[in-house]
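Each value in this text was obtained by applying a stated rule to the coordinates, not by laboratory testing. Bear in mind the structure is a predicted one, so any value in this text is a computation, not a measurement. Note: ideal-geometry Cβ built from the backbone for every residue, glycine included; neighbour counts use all protein chains shown.
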Amino acid sequence: MRKVVLAYSGGLDTSVAVAWLAEQGFDVIACLVDVGQPGDKAEAVVRAKRLGAADALLIDARARFAEGFVLPALAMNALYQGRYPLVSALSRPLICAVLAEVARDAGADAVAHGCTGKGNDQVRFEVSLGALAPELEVLAPVRDWGMTREDTIAYARDRDLPVRTTASSPYSIDENLWGRSIECGVLENPWTAPPRDVFTLTADPQDARPAEVVIGFEQGVPVSVDGVAGDPLEVIERIGAVAGAAGAGRIDMVEDRLVGIKSREVYEAPAAVTLTTAHRDLESLTLERATAREKRRLEALWADLVYEGQWFSPLRDALDAFAASTQRCVTGEVRVAPAPGGVSVCGRRSPLSLYDHALATYDEGDAFAHADAAGFIRLWGLPTRRWAQVHRER
Ligand code: ARG
């Protein structure tokens, strides 16, 4: 019998996929990877067996996700199209790594995912698996079986499958500890404001509790909140809770998918938005100007690359080596105030601060060599002056 490891979420599609793959004659190992999504995961795993899985595993990958995937994204202040913190794009390569490991241990010859044919996630799964475990066949039952949502529900009803009733939500949700995406339903009209009830991580503006927090960083890694130390997972969770209660981190955008579709996306990512704002600010204090400028350019490249499924590419490795080199000096504290609509920075300090008060001040104690400015400007303007001279004369 052929053995397949399925990336199982417990939602409608992957629940039906368990039964469908079993019906096609596969031994199904349902693999639920915990990357910080809510819900009763133990129940979902038990249910997988009732759906027909030969085996079902719950794998807690939260710390691995925080350290190996979220921290590199934070180091690169990664925001796709300047706004989306890559929530789902970061979890897919990790889920693939887990699938490949489980498949190897179980002696499976195939893996399966529940992505549709219209999204980015199918690309991320298949490109990542191709790099990690080219010997495995990749099945995409949801893409291939050609059922509509109604068909899928009917399939489950006809076979009396134990699927969650909440699976009938009009939205498509993906969530992990870096944030949450909400798609489909009324949101498919880009003019329609998101109904209040789509949000679960962020308070509505009128209920928001304003906050001010101090985030400590060591070499680019967030290590404390208001002076209380924690590992990356704890810090991300704590910042998410405070910033979410303050109503920060909602993003409403029209996004360009890799497959060419423009898509209206609603996100709430209080931890990601707050930490990225703080981290970027600390870099403004501690990175030398040319390095910072080049880094901004490479940040956009990094975000595109990871969004487009190239996590396991040599270019991402090389960019991460650049990031690691820059992060050695990103140590210090940032005072931030998350609020509905955004996160403001109210202060920053660092033992490695490049800010020199004596150079910056307009008050007494000014150490800047004012007389040097005139000669500097003459040389700085020389090429433009010369060009203008020639072209004015023509
Ligand atoms: N548009 C986002 C992305 O491509 C979110 C995808 C959410 N995935 C999902 N299966 N609902 O990363």
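Which of the lysines could a cross-linker bridge to Lys118, judged by Cα under 17 Å and excluding same-chain residues fewer than eight apart?
Lys262
Once you place label points 7 Å from the Cα toward the Cβ at Arg50 and Asp317, how far apart are they in nm?
Taking the two extended label points, one gets 4.6 nm.
Going 7 Å from the Cα of Gln219 in the Cα-to-Cβ direction, what parts of region 307-350 have a backbone nitrogen less than 17 Å from that spot?
320-333
Quick query: amide H of Asp34 versus all other amide H atoms, modeled in the peptide plane; which residues come in under 5 Å with a sequence gap of 5 or more or a different chain?
Ile59, Asp60, Ala61
Antiparallel as a % of all DSSP beta bridges within the chain, to the nearest 5?
The antiparallel fraction comes to roughly 65 percent.
What FRET efficiency do you get for Gln81 and Ser325 if R0 is 25 Å and r is their Cβ-Cβ distance, rounded to the nearest 0.05?
Working from the Cβ atoms, E equals 0.45.
Assign unit charges at the C-beta atoms only (+1 for Lys and Arg, -1 for Asp and Glu), then state the dipole size of the chain relative to its Cα centre in Debye, rounded to the nearest 20.
It comes to approximately 980 debye.
Residues with amide H under 5 Å of Gly342's amide H, sequence separation 5 or more or different chain, H placed in the peptide plane at 1.01 Å from N; which?
Gly249
Hey, fewest Cβ within 10 Å first, where do Ser224, Ser344 land in order?
Fewest-to-most ranking of Ser224, Ser344: Ser344, Ser224.
May I ask you to sort His279, His391, His357 by Cβ crowding, counting other Cβ atoms within 10 Å and putting the fewest first?
Going from sparsest to densest Cβ surroundings: His391, His357, His279.
Tell me, what ³J(HN,Hα) does each residue in region 276-283 have, in order and in whole Hz, if you take phi through Karplus 6.51 cos²θ - 1.76 cosθ + 1.60 with θ = phi - 60° and put x for Gly and Pro?
Along region 276-283, the couplings run 5, 4, 5, 5, 5, 5, 5, 5 Hz.
Between Arg2 and residues 5 or more places away or on another chain, which pairs have amide H atoms under 5 Å apart, with H built 1.01 Å from N, and which residues are they?
Asp27
Using a 10 Å cut-off around each Cβ, can you sort Glu283, Glu23 from fewest to most neighbouring Cβ atoms?
Exposure proxy ranking, most exposed first: Glu23, Glu283.
Filter the chymotrypsin sites (Phe, Trp or Tyr not before Pro) in region 101-177 to those in DSSP coil with at most 16 other Cβ atoms within 10 Å of their Cβ, and list the result.
Answer in residue order: Trp145, Tyr171.
What shape does the chain have by the C-alpha gyration tensor, where a ≥ b ≥ c are the square roots of the eigenvalues, rounded means a/c under 1.5, and otherwise prolate means a/b greater than b/c and oblate the rest?
Prolate is the answer for the chain, as a/c is 1.5 or above and a/b outweighs b/c.
Which of Pro222, Val98, Val273 sits closest to the plus end of the dipole of the chain, meaning its Cα is farthest towards the positive end, when Lys and Arg get +1 and Asp and Glu get -1 on the C-beta?
Val273
To the nearest 20 debye, what is the magnitude of the charge dipole of region 231-301 about its Cα centre, counting +1 on the Cβ of each Lys and Arg and -1 on the Cβ of each Asp and Glu?
340 debye
Defining a contact as two alpha carbons under 8 Å apart and six or more residues distant in sequence, what relative contact order in percent does region 183-285 show?
The normalised contact order for region 183-285 reaches 28 percent.
Helix-derived [θ] at 222 nm for the chain: sum -39500 (n - 2.57) over DSSP H runs of at least 4, divide by residue count, nearest 500?
Rounded to the nearest 500, it is -13000 deg cm²/dmol.
If you place +1 on the Cβ of every Lys and Arg, -1 on the Cβ of every Asp and Glu, and leave all else neutral, what size is the dipole of region 1-127 about its Cα centre, to the nearest 20 Debye?
The dipole of region 1-127 has a size of about 220 debye.
Taking 8 Å as the Cα distance limit and 6 or more residues as the minimum spacing, I'd like the relative contact order of the chain as a percentage.
Contact order relative to length: 17 percent.
If you average the sequence gap of Cα pairs under 8 Å that are 6 or more apart and divide by the length of region 6-70, what percent do you get for the contact order?
It comes to 35 percent, rounded to a whole number.
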